[in-house]
Structure formats: structure tokens, C-alpha cells
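Only one structure is covered here, and it is reproduced in the block below.
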Amino acid sequence: MIYSRWRPDVGGYDYFEDDSTHNINDDFPTPDLPGGTKIGVPSIESGRSIPEEARLVGSGERAVGLVAPVDPQKLVKRTRSLGAVPELHGTGFWVAIGLGTLAAYGIYRMTTRRPRR
């Protein structure tokens with residue numbers, strides 16, 4: 001069986017495989033999910049647990065097989081964002097501020113232009 005676990009720090013999924021097999025028509029047991037709310041369980045906490053004997057076999061952009069919950073240790077490392085969403089910080093932040101200022105000045109000049117006589 002193949003399990004996929006989302007990597008919040010870099011995006012994409014890690015693939016794990018164990019030696020178990022399931023028939024196509026078999027129903028999997030309902031996973032024991034952590035306490036949710038009235039509208040459900042957060043997607044990063046839902047899924048089927050990866051068996052201890054499963055081994056890492058690769059990674060990719062899409063989930064394959066059964067989806068597993070996110071590794072809680074990777075969530076602790078990134079408290080401000082989930083990695084796949086870019087942040088504006090460092091040089092990129094100041095470039096964005098400069099471009100925004102330049103655009104605002106251009107709009108101001110275009111809307112306050114006086115006609116020539």
C-alpha cells in the first residue's frame with residue numbers, strides 16, 4: 001500500500017510504502033481522527049496513519065494512494081506559514097513596497113494632470 005504525506009515546509013508529498021495489500025472492494029476501517037469541530041477535522045490532521053514498517057520511496061507534486069496526516073514536527077518548525085504559500089520578507093518585501101509606491105505615484109500623476117493651454 002502507498003501512503004502520501006504533505007510536506008508543509010517545501011510543498012508536495014512524500015510517498016511511503018509498506019507490504020500490505022487490500023482488495024479493491026474491501027472497505028478500509030474508519031480512521032480514528034482527532035477531536036474536530038462541528039464542521040469537521042482540519043485537512044492537515046485527517047487521513048490514515050502511516051504504518052511503522054512503511055519506508056520512504058519518493059516524493060512528488062500529487063498525492064498517491066492513501067493520504068496521511070501531516071507530520072506534526074514539520075508544522076512546529078514553520079509557525080508563520082505553511083511553506084507552499086510564499087511570504088514577502090527580506091529584499092522581496094522592499095521591492096514590493098517600491099513597486100507599490102511607484103504605481104501609486106503613476107496613478108496620481110495620471111489623474112491630476114492639468115490640460116495644456
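Among the residues of the range 100-117, is any under 14 Å from the mean Cα position of the chain (by Cα) and either acidic (Asp, Glu) or at pLDDT 90 or above (or both)?
Applying the first criterion (under 14 Å from the mean Cα position of the chain (by Cα)) to the range 100-117 yields none.
No: zero hits.
Is at least one residue of the range 75-86 modelled with pLDDT of 85 or more, assigned by TED's automatic domain parsing to the domain that holds Gly11, under 17 Å from Gly11 (Cα atoms) and not in a loop (DSSP other than H, G, I, E, B)? I'd like the intermediate steps shown before the answer.
In the first step, residues of the range 75-86 are kept if they are modelled with pLDDT of 85 or more; the result is none.
Within the range 75-86 (the criterion being modelled with pLDDT of 85 or more, assigned by TED's automatic domain parsing to the domain that holds Gly11, under 17 Å from Gly11 (Cα atoms) and not in a loop (DSSP other than H, G, I, E, B)), the answer is no, since none of the residues qualifies.
The values are calculated or read from the model by the stated rules, or taken from the named source; none is laboratory data. As the structure is a prediction and not an experimental result, all values here were calculated from the model.
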